[in-house]
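Input: a single structure, listed below in structure tokens.
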């Protein structure tokens with residue numbers, strides 16, 4: 001039987017008090033879904049909503065202005081990962097204690113933001129991911145293409161084994177972080193494309209942060225953004241290569257920039 005001191009140490013985590021919470025949205029041609037995503041954010045749950053427009057050709061910026069969002073601009077299309085870098089840099093400069101990243105394509109349920117923040121507030125986790133795959137039936141009924149479901153299950157299984165985690169969905173576009181995560185991991189060294197997400201989570205594991213997940217409804221529909229089969233295959237291969245880099249880095253055979261902290265670089 002455990003002694004009382006050990007039980008107390010295990011059960012109690014240091015609670016956090018967030019003075020400023022910022023939602024960030026990496027956006028590209030999101031005019032049809034941006035307002036719905038924004039309006040579902042519970043009132044008073046966050047202090048600011050920030051959008052990085054990756055040189056959209058539609059009315060994304062106009063709609064964001066009408067909604068009162070803080071808007072950051074790319075003068076040319078730089079990629080999904082580059083948009084996240086811009087978002088996180090700006091959020092930290094504006095004093096965010098916690099950051100929630102959500103795709104503005106209405107594929108993810110913004111109403112769950114307070115629940116994700118709750119796990120960060122209690123100190124139970126440093127990163128929370130919205131898992132779209134609570135059950136196979138719900139994921140497929142929500143419109144997730146079968147090939148995406150199968151590839152997600154395969155990649156998530158590999159990632160859990162390699163990284164020693166037990167997450168339901170490594171490839172979600174709903175994530176919440178404490179500022180310590182963003183201040184520590186070298187996300188600026190990551191890809192400017194979709195594999196940024198994989199590199200980011202591998203970095204959080206490498207630097208010792210705790211990741212958890214919460215169930216989130218699956219929404220696949222015509223207006224929601226989604227990469228095609230060719231891009232999905234490319235992304236899957238890149239994800240596996242990141243896992244190989246992690247293994248090589250951990251056993252000391254080589255060192256990669258995505259694991260090189262900013263302090264070490266200086």
Everything considered on the Cα gyration tensor (a ≥ b ≥ c; rounded for a/c under 1.5, else prolate if a/b is larger than b/c, else oblate), the stretch 59-107 must be described as rounded
Exposure-ranked with fewest Cβ neighbours within 10 Å first, 257, 243 stand as 257, 243
Exposure proxy check on 151, 172: fewest-to-most Cβ neighbours within 10 Å is 151, 172
Note on the chain: contact order normalised by length, alpha-carbon pairs under 8 Å, 6 or more apart, percent, works out to 21 percent
Here, residue 227 and residue 55, labelled 7 Å along Cα→Cβ, have an inter-label distance in nm of 1.9 nm
Within the stretch 145-173, the residues whose backbone N lies under 20 Å from a label point placed 7 Å from the Cα of residue 115 along the Cα-to-Cβ direction are 166-173
Bridge orientation stat for the stretch 15-265 from DSSP, antiparallel percent rounded to 5, came to 30 percent
Pseudo-spin-label distance residue 43 to residue 66, built 7 Å along Cα→Cβ, given in nm, is 2.0 nm
Percent relative contact order for the stretch 1-153, counting Cα pairs under 8 Å at least six residues apart, stands at 30 percent
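Sort 35, 199 by Cβ crowding within 10 Å, fewest neighbours at the top. List each step's numbers first, then the result.
Numbers: 35 16, 199 24.
Ordered by Cβ neighbours within 10 Å, fewest first: 35, 199.
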Per the helix-only model, the chain has a calculated mean residue ellipticity at 222 nm (DSSP H runs of ≥4, -39500 (n - 2.57) each, divided over all residues, rounded to the nearest 500) of -12500 deg cm²/dmol
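Using a ≥ b ≥ c from the Cα gyration tensor of the stretch 69-133 (square roots of the eigenvalues), is it rounded, prolate or oblate, where a/c under 1.5 gives rounded and otherwise the larger of a/b and b/c decides, a/b for prolate?
Judged from the Cα gyration tensor, the stretch 69-133 comes out oblate (a/c at least 1.5, b/c at or above a/b).
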Normalised per residue, the volume inside the convex hull of the alpha-carbon atoms of the chain in Å³ amounts to 153 Å³
Listed residues 133, 216, 244; largest mean-square fluctuation, Gaussian network over the chain with Cα springs below 10 Å, found at 244
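No value in this document is a laboratory result; all are computed from the given coordinates. As the structure is a prediction and not an experimental result, all values here were calculated from the model. Note: ideal-geometry Cβ built from the backbone for every residue, glycine included; neighbour counts use all protein chains shown.
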